[in-house]
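S.K.: Quick one: the structure is below, and I'll ask about it shortly.
Each value in this text was obtained by applying a stated rule to the coordinates, not by laboratory testing. From a predicted model like this one, the values you see are computed outputs, not experimental measurements. All Cβ positions, even for glycine, are placed from backbone atoms using ideal geometry, and neighbour counts span all protein chains on display.
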Amino acid sequence: MQEDQIRGQAIALNDVTKSWDGTLAVDRMNLNVEPGTFTVLLGPSGCGKSTSLRIIAGLEHADSGEIAIGGKSVGHLPPAKRDIAMVFQSYALFPHLSVAENILFGLKVRRASKADQRTRLNKTADLLGLSELLARKPSQLSGGQQQRVALGRAIIAEKPICLMDEPLSNLDAKLRNTMRTEIRDLQQALGFSMVYVTHDQAEAITMADQVVLMKEGRVEQSGTPREIYEQPATTFVAGFIGTPPMNVLPGSALAAATGQANANLDSITLGVRPEHVSVSEHSGVPAIVEHVEYLGADILADCRVGNEKFIARIEGHASLSPRAEVKLHWPAEQMHCFDRSTGERTPSDKDLFNHLLSA
Ligand SMILES: Nc1ncnc2c1ncn2[C@@H]1O[C@H](COP(=O)(O)OP(=O)(O)OP(=O)(O)O)[C@@H](O)[C@H]1O
Ligand SMILES: [Mg+2]
């Protein structure tokens, strides 16, 4: 495998800014992609993911800031000189060309030799499980197969960098899951550097070495999936990551619900993940169950703490009914704490939480 590997290149964005008619799309964006690693740009619609990707590709020009590939500044280079493969959201195969011709299209344009074309085509088709389908037209393929042809077209060129913009959004959930694994395996087997755009946090967490969560053109947090999940830097990250995401509520709401007024709670926002919550008969935060969603392995209980929504994910065989009055409990060390005015993570006060939860 080793000799087949592509040498992935590092990518760096340094304070990159881009606006359209005075509206900031990308705002002092910083990004570092290590060679041969998988980075996911994640964030809500309109946060600047595609614009950032297109700036790396050279399809858009940044207003300011620096873009470097393999340590060299490339801001002045046109897309073709950046040695990058790209898969767009609408992968648009040529309908009149066969699978083989679609995959080879870029190589033909670059006048690769016939023998070279054949070797690479066989290798790529083999890798993507398309060998039996090379003579078909795109209309004779399933959505997932078409998607793989689009991937084939990008990887056959064996570029050190591959950029993908929501490549799986047209597929159904099951196929999307399979393709996630396939793309990840492909990237690891070939060793190129990947920047992959999605607004699906589950996709980001499962695929990435590095997740870069964006909000309004800026990087809100970047880190490994585990760092982002376990140590969200802001309430925005906490509320974006996880299925369902972290419960986030004002400290004062918890104080009111437990009858434990404490001035320290007024200035903070508290966070706890649904899977860390258990239902206790004896002590904990009083809550009312509103809906119960049975998922098989576990149950999602939509509760209300005072006026705040609060979700608990508990074992599937537990019995809970709507309108039940319960007490919710969680380990004090699973409690996250954020500054209420800035939304930024602050150190937690375990004694305070133990006090609250013993109510
Ligand atoms: N060509 C353009 N002209 C004007 N405004 C644009 C253009 N392209 C993007 N924008 C604006 O820039 C902002 C960022 O857009 P971008 O496409 O990067 O978002 P995105 O994160 O990819 O969103 P989505 O998840 O919906 O694809 C948006 O407010 C968008 O309306
Ligand atoms: Mg986009």
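S.K.: Net charge near Glu290, counting Lys/Arg +1 and Asp/Glu -1 over other residues with Cβ under 13 Å of its Cβ?
M.R.: Local net charge: -1.
S.K.: Using a simple charge model, +1 on the beta-carbon of Lys and Arg, -1 on the beta-carbon of Asp and Glu, nothing else, what dipole does the chain show about its Cα centre, in debye to the nearest 20?
M.R.: The dipole of the chain has a size of about 1600 debye.
S.K.: Please report Glu182, Glu203, Glu230 as a ranked list, fewest other C-beta atoms within 10 angstrom at the top and most at the bottom.
M.R.: Ranked by crowding around the Cβ, least crowded first: Glu230, Glu182, Glu203.
S.K.: Where both residues lie in the chain, what percent of DSSP beta bridges are antiparallel, nearest 5?
M.R.: So the antiparallel bridges amount to about 75 percent of the total.
S.K.: Let me ask something else about it. Which of Pro274, Ser348, Val248 sits closest to the plus end of the dipole of region 247-357, meaning its Cα is farthest towards the positive end, when Lys and Arg get +1 and Asp and Glu get -1 on the C-beta?
M.R.: Val248
S.K.: Follow-up. With labels modelled as points extended 7 Å from the Cα through the Cβ direction, what inter-label distance (nm, one decimal) is found for Lys174 paired with Glu290?
M.R.: 3.4 nm
S.K.: Quote to one decimal, in nm, the extra length available between Lys123 and Glu344 on full extension: 0.36 nm per residue of separation minus the C-alpha distance between them.
M.R.: Stretched out fully, the Lys123 to Glu344 stretch lengthens by 74.7 nm.
S.K.: Related question: Using all alpha carbons of region 217-359, what is the percent of pairwise distances in each 10 Å bin, ordered from the shortest bin to the longest?
M.R.: The percentages, shortest bin first, are 12, 43, 33, 11, 0.
S.K.: So, in the chain, how many Lys pairs have Cα atoms under 19 Å apart, if the pair is 8 or more places apart or on different chains?
M.R.: 13
S.K.: How big is the dipole moment of region 247-357 about its Cα centre under a simple scheme where the beta carbon of each Lys and Arg is +1, that of each Asp and Glu is -1, and everything else is neutral? Debye, nearest 20, please.
M.R.: Here region 247-357 has a charge dipole of around 120 debye.
S.K.: What does the net charge come to around Val237 if you take all other residues with beta carbon closer than 12 Å to its beta carbon, with K and R at +1 and D and E at -1? Please report the intermediate quantities before stating the final value.
M.R.: On the way: positive: Lys215, Arg345; negative: Glu220, Glu227, Glu230, Glu344.
Neighbourhood net charge equals -2.
S.K.: Please work out the Kirkwood hydrodynamic radius for the chain, using every pair of different C-alpha atoms, and report it in angstroms with one decimal place.
M.R.: About 22.9 Å, per the Kirkwood formula over Cα pairs.
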